[in-house]
Amino acid sequence: MKTLKFLFLNIVVVLFFIGCSEDPTNDAPNNTLDTSKNYEALDVPYGTHQRQTLDIYLPANRNASTKTMILIHGGGWSSGSKSDMNAIGQLMRKDVPNLAIVNINYRLADENNSPYPMQIDDITSVVNFLKENKIKYSISEDIGFTGLSAGAHLSLLWSYAFDTNNKVDMVCSIVGPTNLNDPAYLNNTSPALQELLDLYGANASTEFLKEVSPLHQLKASSPPTILFYGGKDPLIPTSQGTDLRDELVALNVTHQFTLYPNAGHGWLGLELLDTWAKLKLFTETHL
């Protein structure tokens, strides 16, 4: 889906946090970090591909109980960059300062490289990288996800189907696809939308579409989930949000659902302020 690069830009400006201080601290010779100071490192490799990089921001006074929010950009599984998530990352660092923030790139899909399982494998590599470096970074293994559009789909799918160690404490989807088997997708008449869906296979089977759909991977043990959707989104039918909401209710999974009736694939103004207020409280409560 089209990346929501500027989704949180207005809040960033309104809240005037540009002057928020950072203290990029170099690794000490013994490969330990000073936990009394903020730390940031950009374009850290977590794999060998040029797209397998992440930015990490660690809060001052962190310890082995510090949890990590992982940010996953959108772009229809075939475009986008972690830089698209910089605004929301900065906002989280200001308003939820006890969290570590990790903003990731992942390999992009094209006619020769399907998004699944490639992009799910990249998220697994990120989680494993953080686990392997938890002592160095002074963080716990507990994580949350915030994803936009295609990144929200990946966040939900990994949290519901691939979190084998139950380390995901919460997941946020902002206009994320949840069910590629939805009749609204199978019967769509949009060439642009169909081109994106075809990345998962032009003639994909029903079982495969269920395998890559968070709705069909949801379990009663799935983590708390917060969802945001636009009622006039040309790429994400309303049913993508409401059907997952209904399944969360049926399985008694802690959740929150917001539909902005007049919004499209992203929003600004009061709706955006509402999104951040709800996401901030949900994060503080569950992560």
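Among (1) 118; (2) 128; (3) 175, only one was calculated for this model; which label is it, if the read-out is volume of the Cα convex hull per residue in Å³? For volume of the Cα convex hull per residue in Å³, the calculated option is (1). Within the listed set Val126, Val249, Val175, the Gaussian network model of the chain (springs between alpha-carbon atoms below 10 Å) gives the highest mean-square fluctuation for Val249. Computed from the Cα positions only, the extents of region 247-287 along the three principal axes stand at 32, 23, 12 Å, in decreasing order. Across Met170, Met85, Met118, mean-square fluctuation computed from a Gaussian network of the chain (C-alpha pairs under 10 Å connected) peaks at Met118. Which one of Leu270, Leu196, Leu157 has the biggest mean-square fluctuation once the chain is modelled by GNM with Cα springs under 10 Å? Most flexible of the set in this elastic network: Leu270.
Applying a threshold of 29 Å to the alpha-carbon distances of Lys167/Lys232; Lys136/Lys219; Lys219/Lys278; Lys94/Lys131 flags Lys167/Lys232; Lys136/Lys219 as lying beyond it.
Computed on protein heavy atoms with a 1.4 Å probe, the accessible areas place Arg62, Arg107, Arg51 in the order Arg107, Arg51, Arg62, largest first.
Rank these residues by their accessible area, most exposed first, probe 1.4 Å: Glu141, Glu111, Glu195. Don't skip to the end; give the middle numbers.
Numbers: Glu141 45, Glu111 160, Glu195 130 Å².
Heavy-atom accessible area, descending, gives Glu111, Glu195, Glu141.
Per residue, the accessible area of the chain comes to 43 Å², computed with a 1.4 Å probe over protein heavy atoms only.
Note the per residue figure in Å³ for the convex hull of the C-alpha positions in region 206-253.
On the way: hull volume 4.0 nm³, N = 48.
Here the figure is 83 Å³ per residue.
Farthest towards the positive end of the charge dipole of the chain, among the residues Gly80, Phe257, Asn98, is the Cα of Asn98, using unit charges on the Cβ of Lys, Arg, Asp and Glu.
Quote the relative contact order of the chain in percent (integer), defining contacts as alpha-carbon pairs under 8 Å separated by 6+ residues.
Values: 573 pairs, mean separation 50.8, N = 287.
Taking the mean separation of contacting Cα pairs over the length of the chain, I get 18 percent.
The values are calculated or read from the model by the stated rules, or taken from the named source; none is laboratory data. Nothing here was measured: the structure is a model prediction, and the numbers come from that model. Counting neighbours? That spans all protein chains shown, and the Cβs are built from the backbone with ideal geometry, glycine included. All accessible areas refer to the heavy atoms of the entire protein, side chains included, with ligands and DNA or RNA removed. Shrake-Rupley method; radii C 1.70, N 1.55, O 1.52, S 1.80 Å.
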